[in-house]
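What follows is a single structure, written as structure tokens, with notes after it.
What follows is calculated from the coordinates using simple rules that are stated; it is not laboratory data. Just so you know, these numbers come straight off a predicted model, no measurement behind them. Cβ placement follows ideal geometry from the backbone for every residue including glycine, while neighbour counts extend to all protein chains displayed.
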Amino acid sequence: MNAILGVIFHFIGGFASGSFYIPYKKVKGWAWESYWIVGGIFSWLIVPLLAAWLTVPNFIEIIKNTEGSVLFYTYLMGLLWGVGGLTFGLSMRYLGMSLGMSVALGFCSAFGALVPSFYYDIYAQEGKTSFTDMLHSNSGLVVLLSVVVCLLGIAICGKAGILKEKELSPDQQKEGVKEFNLSKGLIVATISGILSACFSFGIEAGKPMAEVARLAAEASGSTTLFVNNVVFVVILLGGLTTNFIWCMILNTRNKTFSDYTNSEAPLTTNYVFAALAGTTWFLQFFFYGMGETKLGNGASSWILHMASIIIVSNLWGIKFNEWKGVGKKTFSTLLMGVAVILLSVVLGGVAKIIEN
């Protein structure tokens, strides 16, 4: 039953993440950096603090009493993940929701699943699965297979993007994605995917905080579903730092500070939709935290979450005509890539069943 609930929670989180960029499409008259940081303040500061306050009693005290090294590495992973978040936004900008998320999150899935296991080979910890452990267990081998399958799905989706670029004129490409640029988009999506995996490492680094929250919840007889929310506060502060600095630099360089008070733009609507996008974005990790408590934060849990986002974002990409005008071969290639990524999700679930 826990495994089923875990899968459901991850897919709800995946739906939130795969959908968060849609409200940004409603923002008018603002530069990218302006609406990105307004939404980000909700994503990485306001909503995480509110969620932790509502679900983790005394979360501030837990953070205050945490060892400095734990806070440092959790925050550092947030800083690095923040760079991935910046390039993630650019991936959507240049490739669209469908292709951008497929490439970026596919890499994020693979690196987020595997790199922690390499770390535990070097610094062994009780209860943590190393890469060597994975090689010597049936569930670990299935996880590795799911990573390979996920990377294959990314390659197929990338092929679909190449076919799209060849088939459509620049004007046709920009009907669905206004700033479509395949080469630039693939570069930033790859960087985004690798660095975005640092969120997975941040969750691992912040486990002592989640453990204190779990023990407190059990002692009081309350649910342990939300214990990761205290970890998210620290990770996302790191992400906010990176994104805020870069967006302020862009505001200065592009002279777009006036966006925030420009009476010629629909200010109320822009702030509401940016806030909605930011809140929706955070819900992915709110539900990820719930799913993690049911499945564990192993490689299969991370793959499941990432792949569910890829599937949802591709459905939205189709809905918003990002693939309008392409031939059957190109569209079939896209669907094949999504299907292969979905297979990686199934394999991740099988790995968890075998483990249990």
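Grab the Cα-Cα distance for Tyr260 and Gln125, subtract it from 0.36 nm times how many residues apart they are, and report the gain in nm with one decimal.
On the way: separation 135, 0.36 × 135 = 48.60 nm, distance 4.78 nm.
That pair, Tyr260 and Gln125, stretches by 43.8 nm at full extension.
Among the GluC sites (Glu not before Pro) in the stretch 1-78, those located in a DSSP loop and surrounded by at most 15 other Cβ atoms within 10 Å of their own Cβ are Glu67. Structure note, pairs Lys159/Lys207; Lys207/Lys319; Lys159/Lys184: Cα-Cα distances above 27 angstrom occur for Lys159/Lys207; Lys207/Lys319. Each residue of the stretch 253-270 is assigned a 3J(HN,Hα), and the resulting list reads 5, 8, 6, 10, 4, 5, 3, 5, 10, 5, 5, 7, 9, x, 4, 4, 4, 4 Hz, derived from the Karplus form 6.51 cos²θ - 1.76 cosθ + 1.60 (θ = phi - 60°), x at Gly and Pro. Take every Cα-Cα distance within the stretch 226-268, group them into 5 Å bins from 0 onward, and report for each bin the whole-number percent of pairs it holds. It works out to 5, 19, 15, 15, 15, 13, 10, 7, 2, in whole percents.
If you take the Cα centroid of the stretch 111-150 and the Cα centroid of the stretch 5-24, the two points sit 25 Å apart. Computed over every Cα-Cα pair of the stretch 177-267 and binned at 10 Å starting from 0, the pair-distance distribution P(r) comes out as 13, 25, 28, 21, 12, 2 percent.
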